[in-house]
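What follows is a short report on a single structure.
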Amino acid sequence: MLLKGKVAIVTGASRGIGWTIARRFLQEGARVVACARNPEKARSILEGIEIIPTDVSKPEQVEEMVQKTLDKWGQIHILINNAGITRDGLLVRMSLEDWQEVIGVNLTGAFLCCKAVSKSMIQQRSGAILNITSIIGLTGNAGQANYAASKAGLIGLTKSLAKELASRSVRVNAVAPGFIETEMTAGMDQKARTGALSQIPLGYFGKAEDVADAALFLVSDQARYITGQVLQVDGGMAI
């Protein structure tokens, strides 16, 4: 059990990649706190996972969530910044509200969570932070300027924090998924799916479990000498 005795916070954990990571970490022995804006929409939660309703774009909610975790378990060893939304549209038609909401959740939310948990990690001189970015943050995508900017910003945040926190033995990495079979991609029409598949050398979409396995490796002691890296889980899409 790679995470036995560890306390892990996973944001955006009500479904998809976040839920799968939370479940995987639980199987590996972690005590898991799952954060979600709409916890009532979460899939059935396995015994041992605690849900704390949290809007990561709200500083007071993030601070409260982190404090509740510390009050219960005393330490936080792992943070997974997975919470993310999309508000797609061409730039000339994109409202300022759509821009700010995506940046607020995807990037500012990760900043707030990192800031809140890093205080504890610095004091205990250990910890692992993993940001779930996206291949779109590396390549860009028409109609997703807000999403691409937020995910590219997350990569910059990852590398900067990796340098800031390394002296305290806190590692910071990122995973950049490509097209993963989730509720979000299930809404793609056939033309869009065919176009996406044509860009993937392996020829198929990944599964949430593929991202969870990569996340498990990067936060475990098996990756103790890895920090500031972005691991692409994309079937070769960005080669």
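The values are calculated or read from the model by the stated rules, or taken from the named source; none is laboratory data. Remember, it's a predicted structure, so these values are computed and weren't measured experimentally. Cβ sites come from the backbone with ideal geometry, for glycine too, and all protein chains shown count toward neighbours.
Some observations on this one:
- Considering residues of the stretch 121-166 that are assigned to a strand (DSSP E or B) and farther than 28 Å from Ser95 by Cβ only, the residue nearest to the chain's Cα centre (by Cα): Leu130
- Checked against the criterion of being within 14 Å of the chain's Cα centre (by Cα), among the hydrophobic types (A, V, I, L, M, F, W, C) and within 17 Å of Ala215 (Cα to Cα), the candidates Val105, Val10 yield just one match: Val10.
- Here the condition is being in a helix (DSSP H, G or I), more than 23 Å from Asn173 (Cβ to Cβ) and of a type in the set (Val, Ile, Thr); of Val117, Val92, it holds for Val92 alone.
- Within the stretch 74-102, if we keep just the residues that are among the aliphatic types (A, V, I, L, M) and in contact with a strand residue (DSSP E or B) (Cβ under 6 Å, 6 or more places away or on another chain), the residue that is nearest to Gly140 (Cα to Cα) turns out to be Ala83.
- First in the stretch 180-209 and touching a residue at least 24 places away in the same chain (Cβ under 8 Å), second anywhere and outside any strand (DSSP E or B) and surrounded by fewer than 10 Cβ atoms within 10 Å (Cβ to Cβ), Cβ under 7 Å, 6 or more apart: Pro201/Ile239
- The stretch 59-73 - residue that is surrounded by fewer than 17 Cβ atoms within 10 Å (Cβ to Cβ) and in contact (Cβ under 8 Å) with a residue 40 or more places away in the chain and, of those, farthest from Ala142 (Cα to Cα): Trp73
- Of all residues assigned to the stretch 58-67, at least one qualifies as being part of a loop (DSSP other than H, G, I, E, B), under 18 Å from Asn106 (Cβ atoms) and modelled with pLDDT of 95 or more.
- Among the candidates Ile51, Ile21, residue that is out of contact with any Ser or Thr (no Cβ under 7 Å at 6 or more places or on another chain) and buried (at least 24 other Cβ atoms within 10 Å of the Cβ): Ile21
- Enumeration of residues in the stretch 181-237 that are in a helix (DSSP H, G or I), at pLDDT below 95 and aliphatic (A, V, I, L, M): Met184, Ala186, Ala192, Ala196, Leu197
- The number of residues in the stretch 121-154 that are surrounded by fewer than 18 Cβ atoms within 10 Å (Cβ to Cβ) and hydroxyl-bearing (Ser, Thr, Tyr) comes to 2.
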